[in-house]
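Encoded as C-alpha cells, the structure appears first; notes follow it.
Rule-based calculations on the coordinates, nothing more; no lab input. Since the model is a prediction, treat every value here as computed from it, not as a measurement. Neighbour counts are summed over all protein chains in view; Cβ atoms, including those assigned to glycine, are modelled from backbone coordinates with ideal geometry.
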Amino acid sequence: MTSASLSYDEHVSNSPDPKRWFALVVIAIAQLMVVLDASIINIALPHAAVSLNIAPKNYQWAITAYTLTFGGFLLLGGRIGDYLGRKRAFLIGLLGFAAASLLGGLSVNQGMLFGARALQGVFGALLAPAALSLISVTFTDSKERAKAFGVYGALSGVGAAIGLIAGGILTQYFNWRWCMFVNTPMALIAFFLAIPYVRESKVHGHPKYDVPGALTATAGMVLVVFGVSQAAADGWGSTSAWPYMVLGAVLLAAFFALEAKVKSPLLPLRLITDRVRAGSYITQLLVGMGIFGMFLFMTFYFQEIHGFSAVKSGLCFLPFSLGIIFSAGATSQLLPKIGPRPLATLGCVMASAGLLYLSTIQYNSGYVTHVMPAMIIMSLGLGMTFVSLASTALFNVQPQDTGAASAVLTTTQQVGGSFGTAIQNTIAVSASTAFVTAYAMAHHISSASFHASVTAKEPWAVVKMAEGLVHGYDVAFRFGSLMLLLGAVFFFTLVNIDRHHLGQHDTVAVGH
C-alpha cells in the first residue's frame with residue numbers, strides 16, 4: 001500500500017530476521033484490529049443511536065467518518081511510513097488508534113463519536129500501509145513471504161465476521177461502548193510487542209509529502225457526503241444540500257488538477273489512465289457504493305424490526321462472511337485458468353441479483369427463506385469480484401508504482417463505501433418518510449397523531465412504521481443493486497484482458 005517500491009528504494013539484508021514470525025504475530029494483531037473496527041460498529045450502532053440520540057439521517061456518519069478519513073489519507077500514510085520509517089509509523093498509528101478508540105468509547109454525544117471515528121481513520125491510514133510494508137521487509141524469502149501474506153489476507157477475510165460477532169457479544173453482555181474500548185488494549189499489546197520484535201526500515205532520501213492533495217481530497221469527499229446527508233432531511237431540491245455538494249465537487253476537481261502538477265503526487269495520474277486499471281478502480285468504487293450500506297440497514301432490520309439480540313444479529317451475517325471466504329479461495333484457483341474478466345463480471349451480476357432479491361424483503365420476512373439466500377448469492381459474487389479486481393488493479397504497473405496502485409484499490413473501495421452509504425441512507429430516510437406520510441394522508445391522520453401512536457406502541461402504528469422503514473431499506477438496496485450491475489458493465493467493457501495477459505510480473509494486491 002505504500003507509495004514506494006522496496007526493491008527500488010532501499011537495500012534490504014538478505015539474512016532472514018530471526019524474530020520475523022514474532023513480528024508477524026504483532027502485525028496480525030494490528031491488522032485484525034483495523035479490520036474489526038470497520039464492521040464492529042455496525043452491530044453497536046442501534047444501541048449507540050439510542051444512547052447518544054443520533055437521528056436516522058446521521059446514522060451513516062458512524063461509518064463514513066471512519067471510511068472517509070481512512071480512504072482520504074491512506075496514500076499519504078503510506079508515503080509517510082516510507083520516509084519516516086515503517087516501524088515508527090506503525091507505532092504512532094497504534095498509539096493514535098488506541099487513543100481515538102478510547103475517546104469514542106467515552107463519547108457523550110454524536111459529534112464526539114463521529115470525531116473519534118474520523119481520528120481512527122486517520123491513524124488507521126498510517127497503520128495499515130506500514131503493516132503491509134513491514135511484511136515485505138521482514139520476509140525476504142519468497143515462500144515465507146507468501147505464507148505471511150496468506151495470514152494477512154486471511155485476517156482481512158475473517159476479520160469482518162469476527163467483528164460482527166464480537167460486536168454482538170460486547171454490545172449484548174457489556175455495553176456498545178466496549179465495541180470502541182476493545183481496540184485500546186489490542187493496540188497497546190501490539191505496541192509493546194512491536195518494540196522488540198519489529199525491525200525498522202525506511203526509504204532513504206528527501207521526503208516529499210503531498211499534504212495539500214490529501215487535505216483537498218478528504219475535504220471534498222466530506223463536503224459531498226455532508227451535502228447528501230442534508231438532502232435526507234431537507235430534500236434533494238433544498239438549498240441546504242447542493243452548496244456543499246458543489247463545493248465538494250470543486251475541491252475534488254482541484255485535487256486532480258494538483259496531482260497533475262506536483263512532483264510527488266499522492267495519486268500518480270498514470271495509474272488511472274491505463275484502461276485496465278481504470279476499469280478496475282471504477283468497478284471497485286461502484287462495488288463499494290453498492291454493498292456497504294447493506295450492513296447498516298440489515299443491522300437495524302435485525303435488531304429494530306425483528307427484535308434480534310446483538311449477538312444473534314452478528315451471527316446473521318456469518319453466512320455472508322463465510323461465502324466470501326469460500327468464493328475468494330475458489331476464485332484464486334480459477335483465475336489463472338479462466339481469467340479475471342468473466343469471473344468479475346459474473347461476480348458483480350451475482351452480487352447485484354442477490355441485493356435485488358434482498359430488496360423484496362418485508363417487515364415480517366423469514367431469515368432462512370429470504371435473507372440468508374440473498375446474502376449467500378451476494379457473498380459468492382463478491383468473493384469472485386474482489387480476487388479478480390486485486391489482480392487487474394496491478395496489471396502492467398511499474399515496480400515503483402506497485403504500492404500506490406494497491407493503495408488506490410483500497411482507497412476506491414473506502415470512498416465508494418462512504419458515498420454509497422450516505423446516498424443509500426438518504427434514499428432510505430426519504431422513502432420511509434414518504435411511505436408513512438402517504439399512509440397518514442390516505443387515512444386522514446396527522447403526522448403528530450401517527451408518531452404519537454407509534455410512541456404509545458399501538459400495534460397498527462408500530463406495524464405501519466416497520467413497513468415504512470423496510471420500504472426505505474428496499475429502495476436503498478435497489479440503488480445498491482444498480483451500482484453493482486454498473487460495476488459488471490464497466491469491468492466487462494474496460495478490462496479487456498484474459499488469463500493469457502496475467503503474467504508473472506503482475507502482483508495480487510493484499511488486504512483490500
- Taking the Cα centre of the chain as origin and charging only Cβ (+1 Lys, Arg; -1 Asp, Glu), how large is the dipole, in debye to the nearest 20? 560 debye
- Query: What value, in deg cm²/dmol to 500, does the helix sum -39500 (n - 2.57) over DSSP H runs of n ≥ 4 give at 222 nm once divided by the residues of the chain?
  - Reply: -26000 deg cm²/dmol
- Note on the structure: As a Kirkwood estimate from alpha-carbon pairs, region 406-455 has a hydrodynamic radius in angstrom of 13.3 Å
- Note, ³J(HN,Hα) from phi for region 375-385, Karplus 6.51, -1.76, 1.60, rounded to Hz, x at Gly and Pro: 5, 5, 4, 4, 5, 5, x, 5, x, 4, 5
- Query: Per residue and in Å³, how big is the convex hull formed by the alpha-carbon atoms of the chain?
  - Reply: 135 Å³
- Item | Inter-label distance for L215 and L102, nm, one decimal - labels placed 7 Å from Cα along Cα-to-Cβ | 2.8 nm
- Message: So if I take the centroid of the Cα atoms in region 336-372 and the same for region 416-483, what is the distance between those two points in Å?
- Response: 24 Å
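Step by step: find N for region 274-512, compute 2.2 N^0.38 Å, then divide the Cα radius of gyration by it. What's the final number?
1.15
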- Task: Mind computing the radius of gyration and Dmax over the alpha-carbon atoms of region 321-396? Å is fine for both.
- Result: 13.8, 50
- Message: Between M372 and F256, what is 0.36 nm times their sequence separation minus the Cα-Cα distance? Round to one decimal in nm.
- Response: 37.6 nm
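Nearest 0.05, what FRET efficiency do S309 and K263 give at R0 = 60 Å with Cβ-Cβ as r?
Once rounded, the FRET efficiency stands at 0.65.
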- How much length, in nm to one decimal, is gained on full extension between H443 and L322, taken as 0.36 nm per residue of separation minus their Cα-Cα distance? 39.0 nm
- Fewest Cβ neighbours within 10 Å first, please rank T138, T493 accordingly. T493, T138
- Please label the shape of region 210-263 as rounded, prolate or oblate, based on the square roots a ≥ b ≥ c of the eigenvalues of the alpha-carbon gyration tensor (a/c under 1.5 means rounded; beyond that, a/b larger than b/c means prolate, else oblate). prolate
- Query: Using a Cα distance threshold of under 21 Å, what count of lysine pairs results for the chain when pairs must be 8 or more residues apart or interchain?
  - Reply: 11
- Query: For region 205-335, what does the alpha-carbon gyration tensor say about shape, rounded, prolate or oblate, given a ≥ b ≥ c as the root eigenvalues, a/c under 1.5 as rounded, and a/b over b/c as prolate?
  - Reply: oblate
- Taking the Cα centre of the chain as the origin and placing charges on Cβ (Lys, Arg +1; Asp, Glu -1), which of A488, H451, V25 is farthest toward the positive end of the dipole? V25
- Task: Note down the relative contact order for the chain as a percent, whole number, built from C-alpha pairs under 8 angstrom at least six residues apart.
- Result: 22 percent
